[in-house]
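The values are calculated or read from the model by the stated rules, or taken from the named source; none is laboratory data. Since the structure is predicted, the reported quantities are computational estimates derived from the model, not experimental observations. Positions of Cβ are backbone-derived with ideal geometry, glycine not excepted, and every protein chain shown enters the neighbour counts.
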Amino acid sequence: MNYADWEELFSLSAAALWHRLGEASALRERHFGRGVSFCVIINAKSGMCSEDCAFCSQSAKAASQAPHYPLLSQEELVAAARRAAAAGASRFSLVTAGRGVISPREQSAILSAVAAIREAVPIRVCASLGIVDRGFLTELKAAGLYRFHHNLETAASFFPRICTTHSFAERVATIEHAQEAGLSVCAGGIFGLGETLAQRWEMARTLQTLAVDAIPLNFLHPLAGTPLEHRPRLDPLTALKIVCAFRFTFPERSVIICGGRQVTLRSLSPLLFAAGADALMTGDYLTTRGRLPDDDRQMLTDLGLELVQETAAKRTSGTGFQPVG
C-alpha cells in the first residue's frame, strides 16, 4: 500500500467500507488462519513518571488520580503471569512507568522476575520499560524475555507536540537496540492525538523501516487531568479504517488491538477482526479498566474464531499457535 491507497481507504463511505473489510479479513486469515491471540499486561510500577507525554495519566505533570507505587514484588508478578496464562494469554508484559529503568537494584529485580516467570509459567514474557540501553536489553534476553515493547506513539513530525522530555530518535534507538539484543519487538502507536492522515502514514513507514515484529494499535481514551482530556474520541469507522490500513500495509505482521478499543469502537468492536486484527490486549490496561478475558473469549466464540495460545515452552509449525481448549 502507498499513501494514495491510504487516502482512498480513509475517504470511503460506510457502505463502501464493507468490501474492504472483507479483503482485510481474507488477508488476516491467509497469514493467521482463524486464530486470535491474547496479550495481558500488568502495571508493574505506577505513576510519577518524569516524562510529559500528553496522553498519559502517569506523568508527574498530569493532574490525575493515577495510582503511585514502586515495582511490584516478584511473587506478585509471577502470580499475575499465572492468571494471564490461565485466561488463555500468549504473552504477559511487565510495564513500568518512567523514562526508563535506571536503578541497578530495579534492573536486577526485573531480571529476576523475568527469569522466575519464564521458569514457572508457560507464557511468553514481554516488557515495556521505557528508554533502556543495549546492555540491559541483552541481559533481559538472557533472562528469558521474549519481546520488548516500545511504541513510537506517533509520527516523528508530530511527536514534539506530544512529548518534549525525550526525542523520537531516542525511541527509535531503543527499538533498534532491542533488535540488536535478539529480542522480538512490538512497536506501534496511539491514534486520535490530533495527528493527520499523512502523519499516520509517516509512522507506518517508520515501522516498515524498523521491520518490527508486531504492531499494537491504541485509540486515545482522553483521561481527566491530562493535556488531551478534552480531545474528542475517534469515531468507530475511522478506527476500523486504521486497522484496515495497517493490515493492508503489514500483511504478515501481527496487528494487536490495545488501549481504547471499548470506548472507541463501542458496538463495532467485533468488526476489528474483519478489519484485519489478529490479536487483542485483554484484561485491564495501565490505569483504566479493560474487558474481562472471559468476555473476549465469548466474543471469539460468537464470531466463529478460535483463541490460540503460544507458550514459551515450544513453537509448533505454521503460525506457532496452539488452540485453547
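Tabulated data
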quantity	calculated
Checklist (1) within 17 Å of the chain's Cα centre (by Cα); (2) modelled with pLDDT of 90 or more applied to G290, failing item	(2)
Selection within the range 61-75 - at pLDDT below 95 and surrounded by fewer than 16 Cβ atoms within 10 Å (Cβ to Cβ)	A63, Q65, P67, H68, Y69, P70
Subset of the range 194-245 (residues that are in contact with a strand residue (DSSP E or B) (Cβ under 9 Å, 6 or more places away or on another chain) and polar (S, T, N, Q))	N218, T226, T238
Sole exception among (1) among the aliphatic types (A, V, I, L, M); (2) surrounded by 14 or more Cβ atoms within 10 Å (Cβ to Cβ); (3) out of contact with any strand residue (DSSP E or B) (no Cβ under 6 Å at 6 or more places or on another chain); (4) at pLDDT 95 or above for L94, by number	(3)
Subset of the range 115-132 [closer than 11 Å to F148 by Cβ and not in a loop (DSSP other than H, G, I, E, B)]	V125, C126, A127, S128
Any hit, the range 206-218, residues being at positive phi and not polar (S, T, N, Q)	yes
Scope the range 144-178; condition crowded, with 18+ Cβ neighbours inside 10 Å, outside any loop (DSSP other than H, G, I, E, B) and of a type outside the set (S, T, Y); matching residues	R147, F148, H149, E153, F159, F168, R171, I175, H177, A178
Complete set of residues in the range 189-206 that are in contact with a Phe, Trp or Tyr (Cβ under 8 Å, 6 or more places away or on another chain), within 18 Å of F248 (Cβ to Cβ) and either aromatic (F, W, Y) or outside any helix (DSSP H, G or I) (or both)	F191, W201
The range 33-60, residues that are over 23 Å from G100 (Cβ atoms) and surrounded by fewer than 22 Cβ atoms within 10 Å (Cβ to Cβ)	G33, R34
